[in-house]
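Colleague: So that we are looking at the same thing, I have put the structure below in structure tokens.
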Amino acid sequence: MKKILILNGPNLNMLGLREPHIYGDQSLQDVEDLCYETAHSHNMKIDFRQSNHEGELVDWIQEARGVQDAVVINAAAYTHTSVAIHDALKLLDVPIIEVHLSNPKEREEFRHHSYIESVAKSVFAGHGAKGYQMAIDRLAELLG
Ligand code: DQA
């Protein structure tokens, strides 16, 4: 069974409460449930995590080496700032998919640059929670 690590960055634990006009009213638990169902339908396993701490995300990415078959990452605000997460992702030789609930490219200029996209195989942004589902579907294709 293929294993996917799904990482969520800072403030995503507040989904549902946080700017629902931008991020929707689903909680992170709802997103996890959707990911679980989608992965289950492809006979894949997920490890779904969230952290507000950059170093913890880096640790989890390093630990994924040789263990996980793919990574889905919504690095949240660290998308636009973190060379450390970019470097950690480069340690992996499995497919990486970048996800955002909103479309950062259509928002404030400081959200336009992503340190993740150059290491990602695909980006799904602006589809709300469905973007996570699209990422898992894409990985099911990629991992065969
Ligand atoms: C986000 C977009 C980021 O710009 C923002 O900092 C987030 C969430 C999204 O899912 O739309 O925290 O990654």
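Every read-out reported here was derived from the displayed coordinates using simple, explicitly stated rules and does not represent laboratory data. Everything numeric in this text was worked out from a predicted model, so none of it was measured. Glycine gets a Cβ as well: all are built from the backbone with ideal geometry, and neighbour counts include every protein chain shown.
Colleague: Can you compute the radius of gyration and Dmax for the chain, using only the Cα atoms, both in Å?
Modeller: Both quantities, over Cα of the chain: 13.8, 41 Å.
Colleague: In percent, what relative contact order does the chain have, based on Cα pairs under 8 Å that are 6 or more apart in sequence? Display every interim value, and only then the final one.
Modeller: Details: 260 pairs, mean separation 39.2, N = 144.
Relative contact order here is 27 percent.
Colleague: Based on the mean of other Cβ atoms within 10 Å per residue, sort peptides 66-79, 107-120, 31-44 so the most packed one is first.
Modeller: Numbers: 66-79: 20.9, 107-120: 14.4, 31-44: 16.9.
Put in order of decreasing packing, that is 66-79, 31-44, 107-120.
Colleague: Under the rule of at least 5 residues apart or a separate chain, name every residue whose amide H is placed under 5 Å from the amide H of Val72.
Modeller: For Val72, the qualifying residues are Leu5, Ile6, Leu7, Ile97.
Colleague: Continuing with the same structure: So what are the ³J(HN,Hα) numbers for the stretch 121-132, from phi and the Karplus equation (6.51, -1.76, 1.60; θ = phi - 60°), rounded to whole Hz, Gly and Pro as x?
Modeller: Couplings: 6, 8, 10, 10, 9, x, 10, x, 4, 4, x, 5 Hz.
Colleague: Here is the link list: Lys2/Lys105; Lys90/Lys121; Lys2/Lys121; Lys105/Lys130. Which ones come out longer than 24 Å on Cα distance?
Modeller: Working: Lys2/Lys105 32 Å; Lys90/Lys121 12 Å; Lys2/Lys121 17 Å; Lys105/Lys130 18 Å.
Among Lys2/Lys105; Lys90/Lys121; Lys2/Lys121; Lys105/Lys130, the Cα-Cα distance tops 24 Å for Lys2/Lys105.
Colleague: Phe110 versus Asp87, label points 7 Å from Cα toward the beta carbon: distance in nm?
Modeller: Each label point lies 7 Å from its Cα, and together they span 2.3 nm.
Colleague: Name the shape class, rounded, prolate or oblate, that the alpha-carbon gyration tensor gives for the stretch 1-84, where a ≥ b ≥ c are the square roots of its eigenvalues, rounded holds for a/c under 1.5, and otherwise prolate holds if a/b is larger than b/c and oblate otherwise.
Modeller: Details: a/c = 2.60, a/b = 1.13, b/c = 2.31.
Oblate is the answer for the stretch 1-84, as a/c is 1.5 or above yet b/c matches or exceeds a/b.
Colleague: Please get the size of the charge dipole for the stretch 2-143, origin at its Cα centre, with Cβ charges of +1 on Lys and Arg and -1 on Asp and Glu, quoted in debye to the nearest 20. Present the calculation step by step, with values, prior to reporting the outcome.
Modeller: Values: 13 positive and 21 negative charges, 50 e Å.
Around 240 debye, computed over the stretch 2-143.
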